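Notes follow once the structure below has been shown.
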Amino acid sequence: MTEPIIQMQNIEKHFGSVIALAGVSVDIFPGECHCLLGDNGAGKSTFIKTMSGVHKPTHGDILFEGRPMHFADPRDAISAGIATVHQHLAMIPLMSVSRNFFMGNEPVKKIGPLTLFDHDYANRVTMEEMRKMGINLRGPDQAVGTLSGGERQTVAIARAVHFGAKVLILDEPTSALGVRQTANVLATIDKVRKQGIAVVFITHNVRHAMAVGDRFTVLNRGQTLGTAMKGEISPEELQDLMAGGQELAQLEGSLGGTV
Amino acid sequence: MTEPIIQMQNIEKHFGSVIALAGVSVDIFPGECHCLLGDNGAGKSTFIKTMSGVHKPTHGDILFEGRPMHFADPRDAISAGIATVHQHLAMIPLMSVSRNFFMGNEPVKKIGPLTLFDHDYANRVTMEEMRKMGINLRGPDQAVGTLSGGERQTVAIARAVHFGAKVLILDEPTSALGVRQTANVLATIDKVRKQGIAVVFITHNVRHAMAVGDRFTVLNRGQTLGTAMKGEISPEELQDLMAGGQELAQLEGSLGGTV
Amino acid sequence: MAEAAQTTPAADERIKQISPLRKALIRPELGGMVGTVAVFTFFLLFAFDSGMFNSQGVMNWSIVSAQFMIIAVGACLLMIAGEFDLSVGSMIGFAGMMIAIFGVTLGWPIWIAIIVTFVLCTGIGALNGFIVIRTGLPSFIVTLAFLFILRGFTIYLPQIIERKTIIGGIKDVAEGDWLAPVFGGKILQGFFQWMGEAGLITTFTRGTRAGQPVVDGIPMLIVWAIVLIIFGHVLLTKTKFGNWIFAAGGDAEAARNSGVPVNRVKVLMFMMTAFCATVFAVCQVMEFGSAGADRGLLKEFEAIIAVVIGGALLTGGYGSVLGAALGALIFGVVQQGLFFAGVESSLFRVFLGVILLGAVILNTYIRRVITGER
Amino acid sequence: MAEAAQTTPAADERIKQISPLRKALIRPELGGMVGTVAVFTFFLLFAFDSGMFNSQGVMNWSIVSAQFMIIAVGACLLMIAGEFDLSVGSMIGFAGMMIAIFGVTLGWPIWIAIIVTFVLCTGIGALNGFIVIRTGLPSFIVTLAFLFILRGFTIYLPQIIERKTIIGGIKDVAEGDWLAPVFGGKILQGFFQWMGEAGLITTFTRGTRAGQPVVDGIPMLIVWAIVLIIFGHVLLTKTKFGNWIFAAGGDAEAARNSGVPVNRVKVLMFMMTAFCATVFAVCQVMEFGSAGADRGLLKEFEAIIAVVIGGALLTGGYGSVLGAALGALIFGVVQQGLFFAGVESSLFRVFLGVILLGAVILNTYIRRVITGER
Amino acid sequence: EGEKYILVSHAPDSDSWWNSIKNGIALAGEQMGVEVEYRNPPTGDLADMARIIEQAAASGPNGIITTLADPDILEGPIKAAVDSGVDVIIMNTGTADKAREVGALMYVGQPEYDAGYAAGLRAKGDGVGSFLCVNHYIVQPSSQERCQGFADGLGIELGTQMIDAGQDPAEIKNRVLAYLSSNPETDAVLTLGPTSADPTLLALEENGLAGDIYFGTFDLGGEIVKGIKSGVIEWGIDQQPFLQAYMPVVIMTNYHRYGVLPGNNMNSGPGFVTAEGLEKVEEFAGEYR
Ligand SMILES: Nc1ncnc2c1ncn2[C@@H]1O[C@H](COP(=O)(O)OP(=O)(O)OP(=O)(O)O)[C@@H](O)[C@H]1O
Ligand SMILES: Nc1ncnc2c1ncn2[C@@H]1O[C@H](COP(=O)(O)OP(=O)(O)OP(=O)(O)O)[C@@H](O)[C@H]1O
Ligand SMILES: [Mg+2]
Ligand SMILES: [Mg+2]
């Protein structure tokens, strides 16, 4: 078995009087899709935000490639190779697609003493990458505001993949997507994983998780209920875990099957 | 068979140069859950917004209980008995739960010549209704901003049910919810339907649709592909319809089963 | 939070309990209350014997505060409804000038001049609101345009009509009018007379009014301030319409979807602001007997500052009329208090800036606790 | 839209095609360009023979526009970064006063006074920005506080130090200084001399300067304006940092998550605004030789108006420095042009308000087409 | 016939005192058959005023009439105007020396410091030992000079007696009340024009000091005249703005038409207006007085 690329050890995070994470430990392995599941408010977003440098953990250690890491802000995490597509989109609607694509990672060229934003390169790469993802833009200067939600999600993922992330974190990328767009995102996850990148995938949908996940961690009220490997757990068990097992039997009876 | 409570006939809606709806006809029956499915941008939200008086249709007729209706604004639709829980939540985070609950439907009492907002009544009813839905508030003056997404969704649904709607429209109420919260919302839909209320339920999740739906209408690029009754269609067929049937076979092969 | 959908929710172990005392204290007006207490403590300590707290002194800062309160009520309601109005100051100048032109130049009876001015100014307020809701432009820009437009007319009109920028003589034409005393008069004069005779308040010892009480009545300005505060407070917290004001400012789209007539609410609040500005202007004109083109300069900022000190949120959906009134009181007391305390008067601006910053930081903290905002 | 995730997207039949011409025209500066053309057409028709377009007249509105441009560049970048600064006008007064106090009262060499003033003022700008990012308060409030604080000190300091509100004599102490001409000097004097001799521009006919050309050089004020515009434009559109400015203003949270150092960007833009205000102040002080407490009154509004006329979005994330420069040009030309055209000067405000409204409505339309905003 | 003159003031749009000036140029323009325009910086920013003088010069008038509110700032533009062949007369604020220095034909007006000083001497003679100066326009240097001159005339130091009263009448009134009640030993009140005098009158009426406290003011206006008449105001310093506007136009027109020019500068003030001989003043206060 390979070494984990990120080890989150006993992470705690408090917001004022709210304890969002009460000691969570998770290992992320390259080439695997690690699904993070759990109720609303379980702390999933908070957890991956500490992983991507947005929050600093109140307690606990983060080991990146075996060495302890202290990310001061998201820039550090990004330059270490952790790319994140946040739940509430990380796109700026008023900016063009290509400016968004390279936001925080602007390519530069030198002209004399000046270091300028290389727009030609940015535009070319953006068009190319978007075409690869199956989106034909009117032009690289089209504003993100004119794209649909699914298209925006795709831009965000394409961006993360493009910048050669070692770890790709996706926070509920499929929740607002249609079936076709969802399939596309899942296929992308699959593709990325096969390139040896570690993927952290948050979802509420057991089927989406089962479709691409290699490992499953369920969070519950800021704590982890442990990690399971693919094949070790059935969708029904997973669903029970996510919901805490209560009352669902009864509901399922009346409504038929897993929800 | 009962009479349809709402008949939407040949509805068209244009936004400037965008044709969001290109002639959609749907009938809604009391006591039934009508699921509206379709791709991102298919026009589902636009469709239900014309139903609830937010948009006026560019062409087409709306019959409510057999009579043509022209809703000038959402107030008209609400007083006719159409309650809507919009995709982007219809709650005001800075306001208290009870003020939100009665927003637009404020109870009043007369004190001398003055018509005042009856806070006592509002607080009592709010606490009671929320308790019924399984949410114990700190108090009726707690701000909605302090509630979780699932809780807010529940407030919105409770509100719609409380005001004795004849038609309850839910736009993707489950997309951001955890398994338990989702089960709860679905159970509520079931309960409401059994009270003889017509429910319009928008979702991207075939399983959620199958769990509570009686009729299924799929929208595609502003047009309807027809309405099917429960039992006439299998989840796989429905999914194929939603995605336009393309390429999914291949994806499903690699990922296993319906997504 | 994770408890959300359970049928018997237990206390959430992830949240500390809030004590009832803290809960009772935490209200939008708290910042204003703390500020008021702090300001009064300060001046009681440092300016007690300067005459600030004798009957004349009290009347002095009360009148100044009442002025601020009148415009703060309108600005507060409008701000809660999610908009704001930079044309308040210009509106004050414009309203005063209109009364003077109608009453003095055109010679209309004053009560007609007053009523027509009210109609005209609330109409302009409605126009402001109408432009904002129809174009979707920020009210900052729209009302900034009206700040210039109204001031321009306030200077231009009297110049071409009367060849001056100040029109006086309003007192003479208002003599005996039935409506004028509602804005420029005083009430409870008999009571103060009696208090003066009974030795409860000091009387003048020299000058033309020797023997009369130093404070001879409550000016209608103060009455208007109190009436408007009560009206605004009741409207906001006790009526259906008040709920709509909060909703319109909190999230206009959500409110509209829930059946709140957002456009009507906003336009009415613009009209209310214009109404308050006109009340201010009429009281001033009736008291001073003249209208000048420079009246009301920068009053829009003063109104906004009072409202913000009082705890309202600049972006709308949150605030309280009582808070705004306390903000106005703080503003007035500090402004006059510094004169009583003999501080170099140009430093007033520095104090004002510092108080504004401090108050807003305190209010933000309180608001976050109340609304769970992040 | 529904095409989103297909591998071979076809043209969407649900959207009309946009013509290439329309696409080339639709840019943030379009509103400013249309306005500039309209304004010049207007004055060419109605004030052509008033001297507005002779060399002196051109220099006159160029200088006024250049003044607006200098502050508009800072305000524009800051507004795009999602904040704004109401303390610009007070900062202008304050900076001028500081130079006077350092240079005249304290007798420091002028170049030291200038440099210390720049450091002090950009430091205050940084403080503004720091308070905004640390407390999360709206910049409207924070900079409103500084509007009062700085103006208060600008009136107070010279009064206690020199017992006046105006400090003169800076020209004398700046004599022979190496840094002063960078702000107060003129360039291309030889060229204008030659033009005058060649009869290309009129020359003085009498007085001490008879024979010299009426316009004897380009003031450094204009040079600064051009340099700042070019700097701002390149920074915004051609550099990495420019992308960060847009990102910080468009959605600070999203930008932060993508690794943009939002706080640094905002603070730097506050410093930039303060820098521009200081350039304005130093040029003014060096040209006129005195600093007064009234300098820069209401200039913050003028800067914001120029920027908004130039197409920037009040809430940030969208705009252009060239647009702001055009906005400043429109502002300057209209202001001076109305004098040339002999229009009653109090009507200037009315025109300004109307132009502002018109420009913003046009700009909003253009922006919606570009960004697909709803 | 048809000469064009421009009068540039330093006052913001809203300053009402400048009315008599506007009326003065209107009348002179009518009588002489010339065109006279009035211009001013909208916010009263003197730097903007410099631009207006430059603009005025560029529009090629026959003459410019302007104030010299701050010689440092205005010197350059005025000299440039003179050099380009435009005649200049300085009015209102400034001094005869300065006017000569910038190349103006003459000076018509009232040197502010001197006027304040004269008033101070007069007050001292009337037994005044302390005073309050109600400055409604703190950022304007000439306001300060008036207070300074008055203080020097009294022979006392100018400190916190000069209050920044603001321009709002209610604020002025209440600030005066506040000051007087915390400094009851004040002997005299000096106001700088109708903007501060009118509310001060009301303030004195309210606190009963009207007629009791020594009250002097600069510049006349309707209420001030009434105050003088009723004895509440001791004197008003009339600088006769009408003359400051009217005379330059007349002088300049005659100079341009016939080459005649008075040999001296013209002091339009200070004239102390007291309760005697008030009728004319009363009739035209605020319009021609
Ligand atoms: N910045 C913050 N300040 C205060 N509390 C916070 C903050 N961010 C999150 N929380 C709280 O921490 C808890 C965990 O939130 P988090 O967003 O991580 O949940 P989640 O698992 O992502 O939920 P969801 O499935 O709804 O996205 C919640 O109770 C939330 O209210
Ligand atoms: N106010 C509007 N102005 C312009 N275009 C609009 C507006 N509202 C919706 N549209 C466009 O109409 C189309 C249908 O949008 P709609 O929101 O109805 O889709 P939807 O089916 O609800 O999608 P989703 O599943 O993503 O919520 C989209 O192309 C959208 O961009
Ligand atoms: Mg989350
Ligand atoms: Mg939708």
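Just need a number here: residues in the stretch C:337-356 that are of a type in the set (A, V, I, L, M, F, W, C), closer than 13 Å to E:Val176 by Cα and touching a strand residue (DSSP E or B) at 6+ places or on another chain (Cβ under 9 Å).
Summing the residues that are of a type in the set (A, V, I, L, M, F, W, C), closer than 13 Å to E:Val176 by Cα and touching a strand residue (DSSP E or B) at 6+ places or on another chain (Cβ under 9 Å) in the stretch C:337-356 gives 1.
Please specify each residue of the stretch C:239-253 satisfying the condition of being at pLDDT 90 or above and in a helix (DSSP H, G or I).
C:Lys240, C:Phe241, C:Gly242, C:Asn243, C:Trp244, C:Ile245, C:Phe246, C:Ala247, C:Ala248, C:Gly249, C:Gly250, C:Ala252
Mind listing just one residue for me: the one in the stretch E:55-95 that is hydroxyl-bearing (Ser, Thr, Tyr) and facing chain D (nearest Cβ under 8 Å) and, of those, farthest from E:Val108 (Cα to Cα)?
E:Ser59
Hey, does the stretch B:73-86 have a residue that's in a strand (DSSP E or B), within 16 Å of ligand 2 (Cβ to nearest atom) and open to solvent by less than 20 Å² (accessible area, probe 1.4 Å)?
Yes.
What is the one condition in (1) open to solvent by 10 Å² or more (accessible area, probe 1.4 Å); (2) over 22 Å from the mean Cα position of the chain (by Cα); (3) more than 7 Å from chain A (Cβ to nearest Cβ) that D:Arg256 does not satisfy?
Every listed condition holds for D:Arg256 apart from (3).
Among the candidates A:Arg207, A:Arg193, single out the residue that is surrounded by 20 or more Cβ atoms within 10 Å (Cβ to Cβ), modelled with pLDDT of 85 or more and either away from ligand 1 (no atom under 16 Å from the Cβ) or part of a loop (DSSP other than H, G, I, E, B) (or both).
Going through A:Arg207, A:Arg193 in turn, the sole match is A:Arg193.
With (1) out of contact with any Lys or Arg (no Cβ under 7 Å at 6 or more places or on another chain); (2) free of Cβ contacts under 8 Å to residues at least 24 places away in the same chain as the list, and C:Val215 as the residue in question, which single condition is left unmet?
Unmet condition: (2).
Residue-wise test of (1) under 30 Å from C:Ala303 (Cα atoms); (2) within 14 Å of chain C (Cβ to nearest Cβ); (3) among the hydrophobic types (A, V, I, L, M, F, W, C).
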site	(1), (2), (3)
D:Ala95	yes, no, yes
D:Ile112	no, no, yes
D:Leu120	no, no, yes
D:Phe140	yes, yes, yes
D:Arg151	yes, yes, no
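Does the stretch C:56-70 contain at least one residue that is of a type in the set (Phe, Trp, Tyr) and either open to solvent by 20 Å² or more (accessible area, probe 1.4 Å) or free of Cβ contacts under 8 Å to residues at least 60 places away in the same chain (or both)?
Yes, the stretch C:56-70 contains a residue that is of a type in the set (Phe, Trp, Tyr) and either open to solvent by 20 Å² or more (accessible area, probe 1.4 Å) or free of Cβ contacts under 8 Å to residues at least 60 places away in the same chain (or both).
Can you confirm whether the stretch E:45-60 contains a residue that is in contact (Cβ under 8 Å) with a residue 12 or more places away in the chain, in a loop (DSSP other than H, G, I, E, B) and not small (Gly, Ala, Ser)?
no
Would you point out the residue of the stretch A:214-233, among those that are basic (Lys, Arg) and surrounded by 17 or more Cβ atoms within 10 Å (Cβ to Cβ), that is nearest to the other protein chains (Cβ to nearest Cβ)?
Kept after step one, since they are basic (Lys, Arg), are these residues of the stretch A:214-233: A:215, A:221, A:230.
Now restrict to residues that are surrounded by 17 or more Cβ atoms within 10 Å (Cβ to Cβ): A:215, A:221.
Values: A:Arg215: 16, A:Arg221: 5 Å.
Among those that are basic (Lys, Arg) and surrounded by 17 or more Cβ atoms within 10 Å (Cβ to Cβ), it is A:Arg221.
Quick one: how many residues across the stretch B:1-41 are among the β-branched types (Val, Ile, Thr) and either within 8 Å of ligand 2 (Cβ to nearest atom) or within 14 Å of chain D (Cβ to nearest Cβ) (or both)?
So the count comes out to 3.
Where in the stretch B:91-185 are there helices (runs of 4 or more DSSP H), lying wholly inside it, with at least 1 residues that are within 16 Å of ligand 1 (Cβ to nearest atom), within 9 Å of chain C (Cβ to nearest Cβ) and open to solvent by 10 Å² or more (accessible area, probe 1.4 Å)?
Working: elements: B:97-101, B:119-132, B:149-162.
In the stretch B:91-185, the matching helices (runs of 4 or more DSSP H) lie at B:149-162.
Please enumerate the residues belonging to the stretch C:48-72 that are of a type in the set (A, V, I, L, M, F, W, C) and under 24 Å from C:Met195 (Cβ atoms).
Initial filter on the stretch C:48-72 (of a type in the set (A, V, I, L, M, F, W, C)): C:48, C:52-53, C:58-59, C:61, C:63-64, C:66, C:68-72.
Scanning the stretch C:48-72 gives C:Phe48, C:Met52, C:Phe53, C:Val58, C:Met59, C:Trp61, C:Ile63, C:Val64, C:Ala66.
Condition (residue is within 16 Å of ligand 1 (Cβ to nearest atom), under 15 Å from A:Val26 (Cβ atoms) and out of contact with any helix residue (DSSP H, G or I) (no Cβ under 7 Å at 6 or more places or on another chain)) applied to the stretch A:60-71: is it met by at least one residue?
Yes, the stretch A:60-71 contains at least one residue that is within 16 Å of ligand 1 (Cβ to nearest atom), under 15 Å from A:Val26 (Cβ atoms) and out of contact with any helix residue (DSSP H, G or I) (no Cβ under 7 Å at 6 or more places or on another chain).
If D:Gly296 satisfies all but one of (1) within 17 Å of the chain's Cα centre (by Cα); (2) more than 8 Å from every other protein chain (Cβ to nearest Cβ); (3) not hydrophobic (A, V, I, L, M, F, W, C), what's the number of the condition it fails?
(2)
Of all residues being in contact with a Ser or Thr (Cβ under 6 Å, 6 or more places away or on another chain) and not hydrophobic (A, V, I, L, M, F, W, C) in the stretch D:74-124, which is farthest from D:Asp177 (Cα to Cα)? Just the residue, please.
D:Glu83
What's the total number of residues in the stretch A:42-72 that are open to solvent by 40 Å² or more (accessible area, probe 1.4 Å), free of Cβ contacts under 8 Å to residues at least 40 places away in the same chain and more than 10 Å from chain D (Cβ to nearest Cβ)?
6
The values are calculated or read from the model by the stated rules, or taken from the named source; none is laboratory data. All values reported here derive from a predicted model rather than from experimental measurement. Virtual Cβ from ideal backbone geometry, glycine too; neighbours counted across all protein chains shown. Surface accessibility is based on the protein's heavy atoms, side chains included, excluding ligands, DNA and RNA. Shrake-Rupley method; radii C 1.70, N 1.55, O 1.52, S 1.80 Å.
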